[in-house]
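The values are calculated or read from the model by the stated rules, or taken from the named source; none is laboratory data. Please read all numbers here as calculations on a predicted model, not as lab measurements. Every residue, glycine as well, gets a Cβ built from its backbone with ideal geometry; the counts of neighbours run over all protein chains shown. Please note that ligands, DNA and RNA were not included when accessible areas were found on the heavy atoms of the full protein model with its side chains. Shrake-Rupley method; radii C 1.70, N 1.55, O 1.52, S 1.80 Å.
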Amino acid sequence: MAGSQLKRLKASLREQGIIGPQKSKKQKRQNAEEQKARPDKRLQRGEALASIREQFNPFQFKTNARGPKFEVTTNKPTNDRAAMAIKGRPGLAKAMGEERRRQTLLVEMQRRNKVGGLIDRRFGEDDANLSLEDKMIERYTREQQRAHKKSSMFDLEDDEPMGGLTHMGRPLFDGDEDEAPVKDDFDGEELPSGDESDSSRAERRRLKRQRLEGAAGEQEEENGQPERKKTKKEIYEEVIAKSKLYKYERQAAKEEDNELRAELDQAMPELQALLFQRQKPPSKDEKPAETAMVITGKDKAAVDKEYDIRVKQLAADKRAQPAERTKTEEEKAEEESKRLKELEEKRLKRMRGEMDEEDEEEDEQEEGKSKGGKGAADGDAYDPFQTEEVDEFGLGKGVKYRPTATELGFDDEDDFLIDDDLVASGSDLELESDDMEGEESDEEGAGSQFGSDDDEFVKGILTEAVIKDPVFQTDDNAKGDDEHGIPYTFPCPQSHDDMLKILEGIDVTKTPVAVQRIRALYHPKLDSKNKERLAKFSQVLVQHIAYLGDRFEPHWFPTLESLSRHVHSLAKSFPIEVAKAYRTHIQEMEQERPLALTVGDLVILTAIGATFPTSDHFHQVVTPAMLAIARYLGQKIPQGLCDYATGTYLSILALQYQQFSKRYVPELMNFCLNTLCSLAPEKPQEKLGFFPVHEPAPGIRIRGADKTTIRQLNCSDCQQKQSLSPEDGVSLKVAIASTITAILKAATETWHKLSAFHETFHPALLVLQHLTFKPNSTHLPAALTSKLIGTISTIARLLQLARLFRRPLELHHHRPLAIRTYVPKFEDSFDPDKHYDPDRERAELAKLKAEHKRERKGALRELRKDAAFMQRENLRIKKERDAAYEKKYKRLVAEIQGEEGRAANEYAREKEARKRKAAKGR
Amino acid sequence: MPAAVGEAAAKTAVKRKRHENGDIIKKRTKSDANAHDKDGNLKARIEKLETEVQESKKHYNNIATLVELARKHGTDAKAALLASEALCRIFIRLLAAGNLVKRKDVSEKEATVTSWLRDRLADCRGALLSMFQSKKLASSALMLAMALLKAEAQHLSDREEAVFPRYFFSDIVASLLESPIGQLREQFSEKFVDEYHDIRFYTFEAIRTYLTEREDAVDEDIQITVFDMLISIENVPESSEDLTDFYIEPPQKKKHPLRSLSQHKKQAQQAWLALMHLGLSKEQRKKVLDVMAASIAPWFTQPELLMDFLTDCYNSGGSISLLALSGVFYLIQERNLDYPEFYTKLYSLLDADILHSKYRSRFFRLLDTFLGSSHLPAVLVASFIKRLARLALNAPPSAIVVIVPWFYNLFKRHPLTTFMMHRVPRTKEERDLLESEGLEDPFLPDERDPMETRAIDSCLWEIVQLQSHYHPNVATIAKIISEQFTKQAYSLEDFLDHSYGSLIEAEMTKEVKKPPVVEYMIPKRIFTKAGPVPEENDSLLVNLWDFGSS
C-alpha cells in the first residue's frame, strides 16, 4: 500500500468503516437501529481506532528486522506465528513498569521520612451509629460472602451460584438464552474488570485479538475454513453450558418420573389388590376381607393408613443381601484340592529358590540402591571389570582371624552393601502371610477341613457360652479344678519360669490340656492384648519343649508331639515369634554346645522339621537348623556310643528334612560310613572311599555280637552313660549299625536321582561289603548280616542303574553372549535448548545457575530502572519546587514592583501636585 | 655418660622395688609392727653398708656381707633384693671409677684389691643369675644383671671401646633358658632382644653355644623354651644400614660382625640349626613348619640347609606335608630348588582329610599359586579338578565354597578342561553306545600320577550333584559352573575363611523380618507311630527310632 502516511491513514479508516462517504437519511436510520441491536458497535469502533493507531506507530513493537531467520515447522499453532515474530512491546512494557513503580515505589518515596500509620479498613469501625453486635454480624456476613464467592466460582452443582454464572459482571445466560449465545471473550473488554485495573493488560489482549483476527483473515483467504483454537475461557464456558444442559435434562427427567409416579399412585389400589390376591390364598378369612375392603376402596382413610404402614414396614425391612451359594460337596472338595495344589506349587517354587516377582523387584530395588554409588547405567550387559560384591553368595564374613582386604582399606567394596538376599532369600512370604490370614479367616469361619486346625486345639472349650462366662474373662477368679486336678483357668505365662510355676503339680502328660486351656482362655478374639500374650506364650512353649526334651521320659513323647503341634498351630498366627524362639534356641545351642547336643536339642530340631517346610531353598529357621545338624555330623569325632547314637538320630533327621527336596547332605554320608567303619569288628585293610575316617575309641568295635537281637535306638541312648554293661553296649552297637544300614538304604532311595550317585554310594557299598566279609560277619548277628546284604543288593542295583543312565555333562548350551557395543547413544528428538547431561545432579545445578543468572540480571535491571525512576521523580519534584519558588519570587517581585510603582506614581503625583501648588502659589 | 645410664636403670629398678615395698608395708596392719621394724632395720643396715663402702676402701668387706645377703634369696627375698640392688650400685660406681680395671703400673696391694673386687663381682653375678629361678625376684634381677652387663662392657677393660662381656651374657641367657619363669623370657625378648640388635646377635650366639655344649643333656622343656624364644625373634633386618640400635656401642670398625647383616643372619641360622640338630618332636616340627616361610627361612643365609629337613617333612605325609609345602615352595621360589615330581606329590596330598583339615585355607592359597600358571598341561589341571570334585562329595560346605570358584578360575585359565562340564557326543555310534550302556566314569581315582588319571575325559557330575546341596548358598555357588562364564575370575580370598560356625553366624545375624513360611499342614504324628489307618505312612524318624510308643 503505497502513498503517504496520511493517505494510508485515510484508507485504513475507510476500511474499518469509521469514515466513509456521506450516508443518506435512510441509511443513517438503519444504522441507528442496528446499533440498538448490537450495543457493542461503538466499542468495536473504538477498538478499531486503537488498532489503527498502533499500526501507524512503528515503535510500538520490537520485531525481527528481517523477519524469521529460517522457515521452520513447529507444532505450535500457525496463527501464533505473528505473535512469534513480535519480540516485545517496548512502549507497553515501559508504560507498565512506570505505572507499577508509580504505584509502589513512588508511594514509598512519598511516605519516606514521614511518620505513618495504619489505615483501618474494617467495616463500620468509625461508624458510631452501629452497635457492636451489628458490626460483628455485618463483618461475619461479609467474610462468609467472600469465602463463599471463592469456593463457588466453578461449583457446577450449586443451584444458583451468585444468582447465576456471570462473566464480567454480566449474567451469562439470560432469559433469552437462545438469542444471546456464548459471548466472545473480548466483548466485555472495555467494561471495568476487577482484576485488570491496569490498562496495559487490556491493551495487550486487544493486540492479541487483533493479531488473531489478522491471522484468521489470512487463513480464510487461504482455505476458507477458519479453525480457531479455543481459548481456555471458551472451553470453560462450554463445559459450564454442557453441565447446565445436563442438569436441565435431569430435572426434566425427574419431572417426568414424578408424573409417572403420580399416575401409578392413582392406579395403586387396583394394583395392590391384584398383588395381594395373587399372594394370599383365598382360603384365609381375614385377608380376603381386607383385600375386598381395599378393592372396594370404601374406607379411604383406612386404606391410606394401611398403605403408609406397609411402606414403613418395607422401609424398615432389612435389605436382602446376596448370600454365598451353598457349595456342594464336590465343589468343596475341588476347592480344597485347588488350594492344596496352589500351596504345593508355592512350595515347589520355594524349593527351587525362585522368588516371587514382587520380592524380586524389591530385591532389585535394594540392589539398585546399594549400587547407586556406581551410577552408571550399564543395563544388563555384562561388565567384566565390574567388581563383584564380596558377599555375593551370602556366605557371611567368614572366620575372623585375618583382617580382610576391605578392613585394611585396600578396596572400596563397601560401596556394595551386602545384599544377603540376592541369593539366599526368595521366599514369597508376604504373599504367604496374606494367604495365612486367609486361612485364618477360613478357620475361624465354619471350621476347616483339617481336623488339625485351631479348632481342634481349643475345641470343646471355646464355646459361645464359655466366652460369655465372666469366669473365663478374669484371670484369678474361681480356680475350679477338673478331675485330673488341672485348673480351668491359668494366667498366661510370659516367661518360662512362669510356665514352670503354673505347671507345678500337673502331670507332664497333662500339659497339653493346660496348654489347650490357656490357648482357649487367651484366644485373641477375647481381648485385644491376648494376641501379644499368646505370641509370648508360643515362645515360652518352644522353651518348654526343649526343657521337657532335656528331662525326657519315654512316655512323654506323645506329650511333646502334642506340644509341638500346638506350637505349629500357634506358628500359623505368630510365625515371626515362633521362628525367633526357634532361632534363639539354635543360636544358644551353637554357641554353647555345637558338638554336644542334648535330647532337648534333638526334639527341637525335630519340631522345626515338622513345623516349617524343610524343602525350601532358603528358610530362616530350617537353614540354620540344617547347618547345626550338619555341623554335628561333620565335625563331631565320636568318643562314646552316645555320640554315635546322637549322630544317628541327626542323620535320620537330616534325611527326613531332605525327603521332599532330595538335597544332598555330604556330612550324612561321612558320618554313616565313618560310624560303620568304626563299629566294624575289623579295621578295613585299604581305603574304602574319600570320606574321612576317625580311628574309633577303644571298645567301640563290635565283638562277639552274633547272638544279640537287633533292637531300635531310643533317646536314652543319646545320653552320656556312666557305664554300660557289656551286653547293653553290644546291643546298642548292633542297634546303631542296623539303624545306619537302614539310613543308608533310605538315603539311596532319596538320592538315587543325583548325578554323582555312583561316586557317592560306591564307598557305601564297599563299607557294607566290608562288614559282610568273613572276619567281620562272624561277630555280627545273622539278622544284621542279612539286612546288610539286602541293603547291598539294593545299592548295587541302583548303582548299576545310575551307571546306565549316566550321560556326559552338557551344561553349556547357552545362547552365545552378545559382544558389547560401543555405539554412541543418539537422541531421537534432539533439542539443542535442552541439556542432555547424564549426570543428573550436574544438570540440575546448571539449571539452577542459569536461573540464578537470569534472575540476577533481571533484578539488576529492575534496580537500575528504579533508580532512574527515582531520579526522574526527584527531578520532577525539584522542578516543581523550583517552579513554585520562581513563581512565588516573581509574584513577590511583581508585588513589590507594583507597590514601588504605586509609590512612584504617588510620588510623581505628589510632586506634580506640589508643583502645581507652587505654581498656583506663585 | 653410659655409666650414668646404667646407674639410672639400676635406680629405676630399685625405685620400683622400693615402691612395691612401700605398698606392701602400707598394706600391713599394725599387728605386724615387729616385722615392720625388722624391715626398717634391714633397710637401714644395708644402706649403711652401702654408704660405708662409698666412703672408704676400708669398708670393702661390706661387699662380701652384701653378697652373702644376696645369695640367701631363698630365705629372705627382700633382704636379698635390697642387697643386690646395693651391690649393683656399688659395682657400677666402682666400675665407673676404674677400680676394677687391672693395671700393670699399680702396687701389688692394689692389684690384690682389684682381683678381690673382681671375684666379688663374679659372686654378685652368680647371685643375680640364681635369682632368675625365683618368681618374685626374677624380673628385677634381670634388669639389674643387664645394667651390670652394660657397666662391665664399658669399664671392665681398660680399652677405649666397650667390649661385650660375652661370657656373662651367655650365662644370663643360659639362666634365662633354665629359669622356670616364662614371663621373664618374654620380658627379655621384649625389652632387649627386640629393641637392641647387638643383644639379638649375642643371644643367637649364646643359644647356639648353649645347645652345642650340652647337646645330649638338653631336655624337652629347654628345647621348647629355646624354640619359643627363637620363634619370638622376628623382624628380620633388611640391610646392614638397619642395624643401628645397640645396647652397648660396638667398636667403630666397619667390618665388625655386629655391623654386618650376614653375620647376624649367620648367627640366627646357626642357632636354628643347633636347635634342629637336637631332633624335633612332631608338634614342634609342625610349629617350625608353620612359621618356616614367614620367620625362619628369612634368617638363613643358606636356606639350602633347610632343604633336607623340608623335603623329609614334605614326604612324611599328613598335615606335616601340608605345612612343609609352604617351606618347600619358599625354597623353590627363592633358591631354585628342583623338586622332582612336585605335582605328583602335590596330587597325593589331596586325600580324604585335606578338606577337613584346619590348614585347608592355607593349603588352598598355596595350591592356587602352584596351579596358577597357564603353562601347566590341561591333563594335569583336570586331574586336580576331578580329584577335588570327588573330595567335595564328602566335604563340609565351607570347603565346597572354596573349591567351586577355584574350579571356575581354572576353567577360565585352561579352556581345554571345560570339556569336563560340556561334552556333546559327536557321532551316532557314540550316542547309541551311551543309550545302550550308559557311561562309566573314565577317571581313575587310584592313579598316583596326575598325568595318567584320564580326568580330562571325565565330567564333573559331583559338582552338579552339589548344586542340590542342602545349604542354599553352597548350592548357588555350585551353580556357577553351569552358568555362562562371564566373570573374569573369582577372588578366592572371599571364600577361604568359612566354617560351620561362621556360616551359622551369617544366618543368625539376619533379622527375621518377613514372617517365615509355616508348613500349612500340621502333621498328625511326629513322634508316635501311626495307628492302623492304612493311608497314613510313618515318617522315617518314627520308623527308625524308638520313642517308646510301640
With all protein chains modelled, accessible area of A:Ser562 [1.4 Å, Å²]: 30
Peptide A:620-626 - average C-beta neighbours from other chains (10 Å radius): 6
Other protein chain Cβ atoms within 10 Å, averaged over every residue that makes up B:487-497: 5
Exposure of A:Tyr907 as accessible area (Å², to 10), given a probe of 1.4 Å and all protein chains: 150
Under 5 Å, built H, 5+ apart or other chain: amide partners of A:Thr63: A:Lys87
³J(HN,Hα), Karplus 6.51/-1.76/1.60, whole Hz, each residue of the stretch A:556-572, x for Gly, Pro: 7, 4, x, 4, 4, 4, 5, 5, 4, 5, 4, 4, 4, 5, 5, 5, 5
The stretch A:704-768 - Kirkwood radius from inverse mean 1/r over Cα pairs (Å): 13.8
Protein-only accessible surface order, largest first, of A:Lys28, A:Lys572 at 1.4 Å: A:Lys28, A:Lys572
A:Lys887 paired with B:Asp449, simple spin-label distance in nm, labels 7 Å along Cα-to-beta-carbon: 13.1
Accessible area in the full protein assembly, largest first, 1.4 Å probe, for A:Glu255, A:Glu306, B:Glu462, A:Glu841: A:Glu841, A:Glu255, A:Glu306, B:Glu462
Whole-angstrom gap from the stretch B:301-340 to the stretch A:1-23, using each part's C-alpha centre: 118
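If you stretched the chain out fully between A:Ala50 and A:Arg856, how much longer would it get, using 0.36 nm times the residue separation minus the C-alpha to C-alpha distance? Could the numbers behind the result be given before it?
Working: separation 806, 0.36 × 806 = 290.16 nm, distance 3.64 nm.
Length gained, A:Ala50 through A:Arg856: 286.5 nm.
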Pairwise burial B:A, computed as accessible area of each alone minus the pair, summed, 1.4 Å, Å²: 10400
Under 5 Å, built H, 5+ apart or other chain: amide partners of A:Leu713: B:Asp546
Relative frequency of Cα-Cα separations exceeding 21 Å in the stretch B:323-393, percent: 24
